[in-house]
Amino acid sequence: FIIFFGVPGSGKTYISKILEKRYRAVRINSDDVLNIIDKNKLAPNPRTGAKMKNRYIYSLISKIPFKNKRIILDKGMEREYKKLMKICKSKKYPYFLIKLETKKEKAIENIRKRNPKDATNWTPFMYRWHKQWESAVKDIKPNISLRSGKIDLKNLYRRMDMFLKTIN
C-alpha cells in the first residue's frame, strides 16, 4: 500500500496519478468515491456522504485480498491513520508512507486553482486539518517526505523501487 499524509491541496492526487502510471498500480481516490455518492444522491447530507465514503474504502481494503501489492490510497490519512495501520498489520499488507509537507496558504491556493467553486467549502476546514496533520506526522515514520511544489520524483522513484523489491 502507498499511503499519503497530506492535507487537501498538498499534491496527493498529482503524485498518485504519476505513481499509478509508472508502477501500474491500482489507485483508490477518496474524492472519486465521494463524487459518485454525491452524483447518485446516495447520502442525505455531506457528513453522511463522507462517512459512507470512509466505510466503502475501509471495507474494500479490509475485505478484498489484493494480489497486486501496488495499491495507492489517494486519501489523506491524518485523521484515520491508526485504523488503517491496524488493517495493514492484521492483513500483513506492506505499506509505504509518503508525508507531504505543505503550508496552509499554499494548500488553499492549490484548492482554489483546482476547483474554484469547491474552494469555499474546503478552506474553512484547512486550519483544523493542518493541525490534525501536524499531530499525526509526529506518530509516523514516513518512507519519504516531500515538499509541495518541490517534489523530487527521482528520489521518490528510487525509494519506491527499493520498497517494491522488498515486497515482490
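The values are calculated or read from the model by the stated rules, or taken from the named source; none is laboratory data. Since the model is a prediction, treat every value here as computed from it, not as a measurement. No Cβ is skipped: glycine too gets one built from the backbone with ideal geometry, and neighbour counts run over all protein chains shown. In case anyone asks, the SASA skips ligands and DNA or RNA and just uses the protein heavy atoms, side chains included. Shrake-Rupley method; radii C 1.70, N 1.55, O 1.52, S 1.80 Å.
Condition check: at pLDDT 85 or above and open to solvent by less than 20 Å² (accessible area, probe 1.4 Å). Does residue 107 satisfy that?
When the stated conditions are applied, residue 107 does not pass them.
For the condition within 28 Å of residue 24 (Cα to Cα) and open to solvent by 60 Å² or more (accessible area, probe 1.4 Å), what is the one hit in 128, 159?
159
Applying the selection to region 82-109, what residues are farther than 23 Å from residue 19 by Cβ and polar (S, T, N, Q)?
Passing the criteria: only 90.
Determine the pairs where a residue that is closer than 22 Å to residue 4 by Cα, located within region 28-48, has a partner that is outside any helix (DSSP H, G or I) with Cβ atoms under 6 Å apart, the partner being 6 or more residues away or on another chain.
These pairs meet every condition: 28/73; 29/74; 30/75.
Determine which single condition residue 41 fails, assuming it passes every other condition in (1) open to solvent by less than 30 Å² (accessible area, probe 1.4 Å); (2) assigned to a loop (DSSP other than H, G, I, E, B).
All conditions are met except number (1).
On the basis of being assigned to a loop (DSSP other than H, G, I, E, B) and in contact with a Lys or Arg (Cβ under 8 Å, 6 or more places away or on another chain), does residue 93 make the cut?
yes
Counting only residues that are among the aromatic types (Phe, Trp, Tyr) and more than 18 Å from residue 75 (Cβ to Cβ), how many does region 114-140 have?
The qualifying residues number 1.
Sort out which residues of region 1-38 are loosely packed, with under 13 Cβ neighbours inside 10 Å and assigned to a loop (DSSP other than H, G, I, E, B), and write them in order of number.
Of everything in region 1-38, just one residue is loosely packed, with under 13 Cβ neighbours inside 10 Å and assigned to a loop (DSSP other than H, G, I, E, B), namely 24.
Quick one: count up the residues across region 133-154 that are farther than 23 Å from residue 82 by Cα, open to solvent by 40 Å² or more (accessible area, probe 1.4 Å), not in a strand (DSSP E or B) and not β-branched (Val, Ile, Thr).
Looking only at that region, the number is 4.
Starting from region 145-168, keep only residues that are small (Gly, Ala, Ser), then list their pairs with residues that are surrounded by 12 or more Cβ atoms within 10 Å (Cβ to Cβ) and assigned to a helix (DSSP H, G or I) whose Cβ atoms are within a distance under 7 Å, requiring at least 6 positions of separation or different chains.
Between residues of region 145-168 that are small (Gly, Ala, Ser) and residues that are surrounded by 12 or more Cβ atoms within 10 Å (Cβ to Cβ) and assigned to a helix (DSSP H, G or I), the close pairs are 148/106; 149/106.
State whether the residues of region 70-77 include one that is part of a helix (DSSP H, G or I) and in contact with a helix residue (DSSP H, G or I) (Cβ under 7 Å, 6 or more places away or on another chain).
no
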